[in-house]
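Enquirer: Take this structure first; my questions come after.
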Amino acid sequence: MYSEKNANETTQKTWVRTHLQKPGDLSNEITQNIRICTHLQEPKDLSNEITQIIRVRTRPQKPEDLSNELTQNIRVRTRPQKPGDLPNELTQEIRVNAEPQDSEDFSNEITQQTRGIEDRHKSGNPLKNEAKPTEKARKNRANKTSQGVKREPNRRLINIPVNTNYQELEYQANKELQMIAMKYEMLAPFMDQHQLVSILIGLLVFISLSEHLITSLATVKVGLVGHGLALIGLLLLAAFREDPKEQRIYLTLALAPLIRLVSVSMPLQGIPMIYWYVLIGTPITLSIIMVMRYCAFTRQEVGLTGAKWFFQIMFGFSGIGLGYIEYLILRPESLVDELTLRAIWFPALILLVFTGFMEEIIYRGLMQSAFTAKIGRWLGILLISFLCAVLHLGYQSLLNLMFVFLVAIVFALVTEKTGSIIGVSIAHGLTNVTLFLVFPFILG
């Protein structure tokens, strides 16, 4: 019978068998007695039994040393919710794995298993009539934190072995984060470029619409407002962008609506048309210089070099043929009264400087350098060529738009090949000279 003092605990002896280096030698076995004392809520109520399973796996440094035997006194005190309620039993499992110094010697393994089972009823055989845990008991057991399992609310079960190398886990986590960061760094330029191209296409469409409205006298004011909004938007984008390459794109592109605003809004009535180019080109030239200085363009970047000068001069004469083709398309009137050297030399110089050189330094010098450096070669060339064609909407000729678009692509490729805008500037200037000064008298 249990005394009042001992009724509150159960004592169990468990045999532990330890295999040393020579498992065949039974004399090398270590037998251990482990006592487990469990205190219950009500000493006389043996139905408050609790089952505990403890597995400890250790490997001693020197298995041949019998003095390395392990003796463990384990005291577990638990209190179930209702002592008389058998489904409220608690089961705990603890597994501890310790690696030996010499991992290849598996005979140095000591396995200890302690199983304490208390009486399942007040009388009778204590090893019979074990009650199976209910669903509520399983949930209570799963919600508890043990050495091998950690459960958090609204999260999946995470198995963390006791012998986990946390430094290695931290290293692996940092490595995965670095891989994610590298992938983002690889994709970020493409994402930024896609966003930039979308913005540029939207701006070009808006500029095209504004240019189309200017061609009609009834909507010219609306078109001017559109160009003004485009100019303000481009300047704001350049101001709020930190990337210098993007700032270059927006500032160079801002010259396009600026050209149209100056050319349409400037009071030029009563002034010969040939001098319009000087009056319009002067403030535009100052703007070009300011953009070049602010964006730190070099002479090589804008093509102000004499590289391959012979090829550039020869290509410059192609402007005569281009002027002939464009004259057949547009058939414009001459800007001078007679075809004499005295009458055309100064207008020809104006056209060479303020249409040939000025427009080429904007489109092929500044814009092409900025666009191709950020969004790529062909995409930059196509967008700039489209812009050049759009600014010729005032002639109201679809065939001329196609012609200007193709010529702009050729000029861009030549500039890229030679690294200079000298040749294309001569070709562009001669195109306008023959178009507005020579062919009206010869073919008109």
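Enquirer: If Ala296 meets every condition in (1) surrounded by fewer than 18 Cβ atoms within 10 Å (Cβ to Cβ); (2) touching a Ser or Thr at 6+ places or on another chain (Cβ under 9 Å) apart from one, which number is that one?
Expert: Going through the list (1) surrounded by fewer than 18 Cβ atoms within 10 Å (Cβ to Cβ); (2) touching a Ser or Thr at 6+ places or on another chain (Cβ under 9 Å), Ala296 breaks only (2).
Enquirer: Let me ask something else. Please give the number of the condition Leu258 fails out of (1) part of a helix (DSSP H, G or I); (2) at pLDDT below 95; (3) within 19 Å of Gly394 (Cα to Cα).
Expert: It fails just one condition, (2).
Enquirer: Also, quick follow-up: Modelled with pLDDT of 95 or more and basic (Lys, Arg): which single residue out of Arg248, Arg241, Arg299 fits that description?
Expert: Arg248
Enquirer: Still on this structure, please answer the following. Can you tell me which residue among Phe310, Phe315, Phe346, Phe371 is surrounded by 20 or more Cβ atoms within 10 Å (Cβ to Cβ), aromatic (Phe, Trp, Tyr) and either within 23 Å of Leu437 (Cα to Cα) or without any contact (Cβ under 8 Å) to a residue 60 or more places away in the chain (or both)?
Expert: The conditions single out Phe315.
Enquirer: How many residues does region 273-284 hold that are farther than 19 Å from Leu235 by Cβ and either in contact (Cβ under 8 Å) with a residue 40 or more places away in the chain or outside the structural domain of Val336 (by TED's automatic domain parsing) (or both)?
Expert: Number of matching residues: 7.
Okay, residues lined up against (1) farther than 29 Å from Leu251 by Cβ; (2) basic (Lys, Arg); (3) in contact with a helix residue (DSSP H, G or I) (Cβ under 6 Å, 6 or more places away or on another chain):
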site: Val291; (1), (2), (3): no, no, yes
site: Phe297; (1), (2), (3): no, no, no
site: Glu301; (1), (2), (3): no, no, yes
site: Phe311; (1), (2), (3): yes, no, no
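Enquirer: From the list Leu286, Leu235, Leu224, which residue is crowded, with 16+ Cβ neighbours inside 10 Å and assigned to a helix (DSSP H, G or I)?
Expert: Selected residue: Leu224, the only one of Leu286, Leu235, Leu224 that is crowded, with 16+ Cβ neighbours inside 10 Å and assigned to a helix (DSSP H, G or I).
Enquirer: Is it the case that Gly281 is over 30 Å from Glu338 (Cβ atoms) and in a helix (DSSP H, G or I)?
Expert: Judged against the criteria, Gly281 is not a match.
Enquirer: Something else: Restrict the check to region 344-358 and report whether at least one residue is more than 36 Å from the chain's Cα centre (by Cα), modelled with pLDDT of 95 or more and under 25 Å from Ala238 (Cβ atoms).
Expert: Yes, there is a match, as at least one residue in region 344-358 is more than 36 Å from the chain's Cα centre (by Cα), modelled with pLDDT of 95 or more and under 25 Å from Ala238 (Cβ atoms).
Enquirer: Within region 386-444, which residues are among the aromatic types (Phe, Trp, Tyr), within 30 Å of Leu341 (Cβ to Cβ) and either modelled with pLDDT of 95 or more or crowded, with 20+ Cβ neighbours inside 10 Å (or both)?
Expert: Answer for region 386-444, where residues must be among the aromatic types (Phe, Trp, Tyr), within 30 Å of Leu341 (Cβ to Cβ) and either modelled with pLDDT of 95 or more or crowded, with 20+ Cβ neighbours inside 10 Å (or both): Phe403, Phe411, Phe436, Phe439.
Enquirer: Among the listed residues Glu338, Glu326, which satisfies the condition of being in contact with a Leu (Cβ under 6 Å, 6 or more places away or on another chain), of a type in the set (D, E, K, R) and either at pLDDT below 95 or in the same structural domain as Leu209 (by TED's automatic domain parsing) (or both)?
Expert: On inspection, the qualifying residue turns out to be Glu326.
Enquirer: Return the pairs, sorted by first residue and then second, in which the second residue is not in a helix (DSSP H, G or I), the first residue lies in region 222-247 and is of a type in the set (S, T, N, Q), the beta carbons are less than 8 Å apart, and the residues are 6+ apart or on different chains.
Expert: Close Cβ pairs (under 8 Å, with a partner that is not in a helix (DSSP H, G or I)) amount to Gln247/Arg241; Gln247/Cys295.
Enquirer: Considering only region 341-444, give the helices (runs of 4 or more DSSP H) lying wholly within it that have at least 1 residues that are touching a His at 6+ places or on another chain (Cβ under 7 Å).
Expert: 398-418
The values are calculated or read from the model by the stated rules, or taken from the named source; none is laboratory data. Computed from a predicted model, the values in this text were never measured in an experiment. Quick reminder, even Gly has a Cβ in these numbers, built from the backbone with ideal geometry, and neighbours come from all protein chains shown.
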